[in-house]
Each structure stands twice: as C-alpha cells, then as structure tokens.
Amino acid sequence: MIDVVNLSKSFGDHLVLDDITETIHEGEKVAIIGPSGSGKSTFLRCLNLLEEPTSGKVYFEGACINDPETDINVHRQKIGIVFQHFNLFNNMTILKNIMLAPYKLGWKNSKAENRRRKNEYKSLLREYKANLKKEKNGEKVSGQTEPPVAPAYILKEEVYKSVERKAYSLLDRIGLRDKASSYPSTLSGGQKQRIAIVRALALDPKVMLFDEPTSALDPEIVGEVLAVIRELADEGMTMVIVTHEMGFAREVATRVMFMDGGKIIEQGPPKEIFGNPQSDRLKTFLSKVL
C-alpha cells in the first residue's frame, strides 16, 4: 500500500532519515519505536508529505505522491493522520471539527456530479431533438427517442445532513455525542485525542498514521485513547503508529520497527523484537524502557 524508496530527509546539514527503503502492506499494523531524535515522526510525516523528502520516492497505492505532477490532496483524503497535540480547531464546535473536511470534499464532489448529470441530460436532449427532426423527414432514427428525464441534482443541504449524520455516528462510537456542541477547550486531553481520531476517520481513510498519540496525555487517560486505536486495529485498518507505549506495540502491532540515527535498525513481529532482539542497540534501548 505504501512504498518508500531510498528515502532521505535533511534539515540543513542535519541528516534525519538516511536512505530508507520500506513497504507498508495493506492490513498491517506497524509500530515504530526508538529513542527521541531517531527520525520516527519525520518518517511518518513523509508518508503523506507533511514533510517533503530531500531525496527518494514515496508511493501510495502505486502513485508517486512526491512527484510534482501528483495532486497530493487527492491522496491525503485516503491517509488519515492523528497528531501528538490533537490539532483541533479551537474556534469550532466538536461537531464542526469532524464535519469540516468531509463536508467541503463532499460538496465539491457533489458539484462535479451535478455538472456530469447536467451535461449528460443536455446530450440526451440534443439527441432527442435531432431524432425528432429525422422522424419528420422520414429518416431512420436510433438512440434517444423519448424525452429525457431531467436529473435530480444533489443539494447542498443533502450533503450537509449526510455528513452530519456520519459525524454523530462517529461521536456515538467513542461515547462523546453529548460533546457535539462543545468546544475543544472544554474537553480533557483524552477526549480531544479521541475526537482527533474520529475526525480523521470521517474521510474513510485507507490507512491511519498516528504520531505519538498518547505522549501528551496524562497516564490515567492513555487507556481510553489506546482502546479506540485497538478497536480500529481489530477492524483491519492499516496503521503506522509512532509510539513509546511498548506494551501497546507488543499487543496490537503485527510488525515493530526500531529506528535509530535515521535508519531502521531492526524489525519483525513483536514477539521477536521484544523477546529476542538481535542488535546491541535495540537490546540497550529495550533495557531502558521495559
């Protein structure tokens, strides 16, 4: 689903990612672990071009998304991302936060569909009128011989109501429907992060990226956020998660990557990474965090 080829990223003279080639397969739950400054978050952000690679290629579903000719926004609709610090819009209610992107996208797509229906109707109408003339002249006719039915156009209000229904359904999913009219400043950190997750889900992404989703939370409320992510994993969502929660990585991930110095030092199933690490660097890291 996602392929990176010879990916490098530098900030000035500082090399953060060093010639990484890797594949994320559909349905995988990949946990990225490693010390601070190892390049984990930068690697994640390169997967949807929030960070522009210095060199190398990033492919999503076969399309090179860092090609200048590629419309990255089309692909970002399929790649949800959840940030460490939530990034909710504080001047919007919770409901509006969730609805903003899908409503704008839905109305844009609906206008395009309305134009298509209108053009198709005009084409059929022209064909019908041309056939009427042929019939009057005794010519053979084919195609549209009956008056075409005017299309039913998608209304803006219909799009809004559809998106609103889905937003409420997502709030029901995380038990926060009663917060629909609230503003982010009134929510706890765990509630904000759960809202951030369902906001990303509102666009029906094919893959979810999580950038240390629990590191800004109080330990007492980490569990409620991890429960939502675990539920998504159980449903088969493709995920890439940068995390310091070793227990969660061991339990949920299908593959664990250990990064250090801008490289993937070691990777494999959680049982092998945590139970039988091969590299000295990983052994040292695990001895400090477990």
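Please treat every number below as a calculation from the coordinates, not as lab data. All values reported here derive from a predicted model rather than from experimental measurement.
Taking the DSSP bridge list for the chain and keeping only pairs wholly inside it, about 55 percent are antiparallel.
Across the cross-link table entries LYS111/LYS206; LYS104/LYS179; LYS29/LYS111; LYS122/LYS156, which are compared at the Cα atoms, the separations over 29 Å belong to LYS29/LYS111. Taking only the C-alpha atoms of the stretch 194-259, Rg followed by Dmax gives 11.5, 31 Å. Pairs of alpha carbons in the chain separated by more than 26 Å make up 54% of all such pairs. Between LEU226, LEU187, LEU209, the Gaussian network model of the chain with springs among Cα atoms under 10 angstrom shows the greatest mean-square fluctuation at LEU187. The distance separating the Cα centre of the stretch 157-211 from that of the stretch 247-282 comes to 32 Å. Structure remark: mean-square fluctuation, Gaussian network model of the chain, C-alpha springs under 10 Å; the largest value among GLU212, GLU113, GLU135 belongs to GLU135. In the elastic network of the chain, a GNM with C-alpha springs shorter than 10 Å, the most mobile of ASN73, ASN119, ASN109 is ASN119. Relative contact order of the chain: 29 percent, from C-alpha pairs under 8 Å at least 6 residues apart in sequence. Dividing the radius of gyration of the alpha carbons in the stretch 57-203 by their Kirkwood radius gives 1.22 for Rg/Rh.
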